[in-house]
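Each reported figure results from applying straightforward, stated rules to the coordinates on display, with no laboratory input. Since the structure is predicted, the reported quantities are computational estimates derived from the model, not experimental observations. Reconstructed Cβ throughout: ideal geometry from the backbone, glycine too, with neighbour counts over all protein chains shown.
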Amino acid sequence: MPIDINRIAGDFSVSAQLSPPDFAELARLGISSVINNRPDGEGGTVQPADAEMRAAAEAAGLFYAYLPISIAGFGEHEVLRMRALVGELPKPIHAFCCTGMRSENLYRAAGAAPHHNQ
């Protein structure tokens, strides 16, 4: 099944939960780095663990970062870390969580994306 990618900016996109084989597809699409924003175990035993995801990403030639964000929200530490990752990681960058919303909201909070008028 193709990955439903939501492009937030020219060099940043988000999606729902990925599976290990998805990293090869992201690499084929030209993605350079991946940020995993989903805490381990949030989706139960069907959710691949961070270590498995990191191994799959690196096997596909992608840079990988783990910045778990609780469904309860994020704070200044997570915003600053996201800002740093966006500045440091090779672009384009793709982030994911359960639905993609936490990744998008964190990216916007980090000041890395234009805000749309509501």
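Computed over the chain with a Gaussian network model linking Cα atoms closer than 10 Å, the most mobile of Met101, Met82, Met53 is Met101. Structural descriptor for the chain: relative contact order 36 percent, calculated from alpha carbon pairs under 8 angstrom and at least 6 residues apart. Starting from the Cα gyration tensor of the range 39-85, take the square roots of the eigenvalues, sort them a ≥ b ≥ c, and report rounded, prolate or oblate (rounded when a/c is under 1.5, otherwise prolate if a/b is larger than b/c, else oblate). Judged from the Cα gyration tensor, the range 39-85 comes out oblate (a/c at least 1.5, b/c at or above a/b).
Our helix-only sum for the chain, with -39,500 (n - 2.57) per DSSP H run of n ≥ 4 divided by its residues, gives a mean residue ellipticity at 222 nm of -9500 deg cm²/dmol. Stretched out straight at 0.36 nm per residue, the stretch from Asn6 to Ala55 would grow longer than its current Cα-Cα span by 15.3 nm. From zero outward in steps of 5 Å, how is the percent of C-alpha pairs of the chain spread across the bins? Once binned at 5 Å, the Cα pair distances of the chain give 2, 12, 25, 26, 21, 10, 3, 1, 0.
Under 18 Å from a label point set 7 Å out along the Cα-to-Cβ vector of Val46, the amide N atoms of the range 8-22 belong to 16-22.
At full extension, Thr99 and Leu29 could sit 23.2 nm farther apart than now, given 0.36 nm per residue minus the alpha carbon distance.
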